[in-house]
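The values are calculated or read from the model by the stated rules, or taken from the named source; none is laboratory data. Note that this is a predicted model, so its numbers are computed, not measured. Methodologically, a virtual Cβ is constructed for each residue, glycine included, from the backbone with ideal geometry; neighbour enumeration extends over all protein chains shown. Side chains included, ligands, DNA and RNA excluded: accessible areas come from the protein's heavy atoms. Shrake-Rupley method; radii C 1.70, N 1.55, O 1.52, S 1.80 Å.
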Amino acid sequence: MVGLSRSNNQAIFPSRIPTFLLTLAIAMISSGCSIMAPPYSPSPENLQLLRDGGKYTARVAEFGSQPGEQNENPISIRGNTINSPYNGSYAGYLAEALRQELAMAGKWSQSAETAVTGTVLTNTVHAPPASTGTVDIKVRFAVVRGSRKSYEQDKSVHHEFPSEFAGPIAIPRAIQEYQFAVHKLLAELYRDQAFVAALKSH
């Protein structure tokens with residue numbers, strides 16, 4: 001599943017529809033109400049960014065979520081409830097995405113004193129019929145070591161994609177696009193030299 005990442009926002013529909021999207025479409029037709037999003041799949045490009053960042057190890061601490069109308073948990077797409085596969089929490093989704101990529105890049109250690117934490121501020125997905133769909137995510141990331149905070153910055157992504165008219169196609173696609181948006185959000189974090197420096201500091 002690592003190969004799910006894409007570049008330049010190229011359309012993946014309708015030439016090849018991943019099996020899990022077909023499964024979600026069938027589930028929607030059958031239930032029409034509550035859907036579980038698929039697990040996160042790391043981006044190969046993000047893994048390379050982490051490997052290029054030098055030597056350090058870090059763990060992922062608990063992520064929280066700031067309540068608000070623009071911070072949906074669960075996400076609602078055309079009346080369907082999209083639940084996170086990580087304890088029903090999209091803060092948990094972001095934390096697990098970061099943990100997986102750090103681990104696969106050889107940068108994660110559960111015993112590391114340096115930890116990355118975060119607060120989800122914005123989390124929305126819109127998939128209007130036959131129009132432009134959008135994903136907006138904003139997270140306040142922090143790097144902490146003991147009681148000392150060496151980094152804190154907001155990172156955000158606005159991701160656009162063509163939205164289909166038919167719900168059984170549009171909704172699974174929007175869920176897939178959410179993952180692409182997370183890829184882009186984390187890439188912004190990894191490219192921040194202040195973030196990398198904070199992970200290396202002792």
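Quick notes on this structure:
- Residues of segment 52-64 that are surrounded by fewer than 19 Cβ atoms within 10 Å (Cβ to Cβ) and either in contact with a strand residue (DSSP E or B) (Cβ under 6 Å, 6 or more places away or on another chain) or acidic (Asp, Glu) (or both): 52, 59, 61, 62, 64.
- For residue 142, the requirement of being in contact with a Phe, Trp or Tyr (Cβ under 9 Å, 6 or more places away or on another chain), closer than 22 Å to residue 47 by Cα, of a type in the set (Gly, Ala, Ser) and part of a helix (DSSP H, G or I) is not met.
- Cross-chain or 6+ apart pairs with Cβ under 8 Å, segment 102-113 first and over 14 Å from residue 45 (Cα atoms), then part of a loop (DSSP other than H, G, I, E, B) and open to solvent by less than 90 Å² (accessible area, probe 1.4 Å): 107/53; 107/56; 107/57; 108/57; 109/57; 112/57; 113/146
- Selection of segment 129-141 for residues being modelled with pLDDT of 95 or more, over 15 Å from residue 180 (Cα atoms) and surrounded by fewer than 19 Cβ atoms within 10 Å (Cβ to Cβ) yields 132, 140.
- Segment 74-104: number of residues that are polar (S, T, N, Q), at pLDDT 95 or above and touching a helix residue (DSSP H, G or I) at 6+ places or on another chain (Cβ under 8 Å): 1
- Beta carbons closer than 7 Å, at least 6 apart along the sequence or on distinct chains, pair a first residue in segment 47-59 that is over 8 Å from residue 200 (Cα atoms) and touching a residue at least 12 places away in the same chain (Cβ under 8 Å) with a second that is of a type in the set (Asp, Glu) and open to solvent by less than 10 Å² (accessible area, probe 1.4 Å) for 47/101; 50/101.
- Of all the numbered requirements in (1) farther than 23 Å from residue 152 by Cα; (2) of a type in the set (S, T, N, Q); (3) at pLDDT 95 or above, residue 114 misses one, and that requirement is (1).
- Screening residue 149 on (1) over 16 Å from residue 95 (Cα atoms); (2) part of a helix (DSSP H, G or I); (3) of a type in the set (Lys, Arg) shows it passes everything except condition (2).
Residues are listed down the side, and each one gets a yes or a no for (1) of a type outside the set (A, V, I, L, M, F, W, C); (2) in a strand (DSSP E or B):
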| position | (1), (2) |
| --- | --- |
| 128 | yes, no |
| 137 | no, yes |
| 162 | yes, yes |
| 176 | yes, no |
| 182 | no, no |
| 187 | no, no |
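- In segment 76-117, residue nearest to residue 36 (Cα to Cα) [restricted to those that are open to solvent by less than 60 Å² (accessible area, probe 1.4 Å), assigned to a loop (DSSP other than H, G, I, E, B) and polar (S, T, N, Q)]: 84
- For residue 5, the requirement of being at pLDDT below 90, more than 23 Å from residue 130 (Cα to Cα) and open to solvent by 20 Å² or more (accessible area, probe 1.4 Å) is met.
- Set 186, 121: member being crowded, with 21+ Cβ neighbours inside 10 Å and more than 16 Å from residue 38 (Cα to Cα): 186
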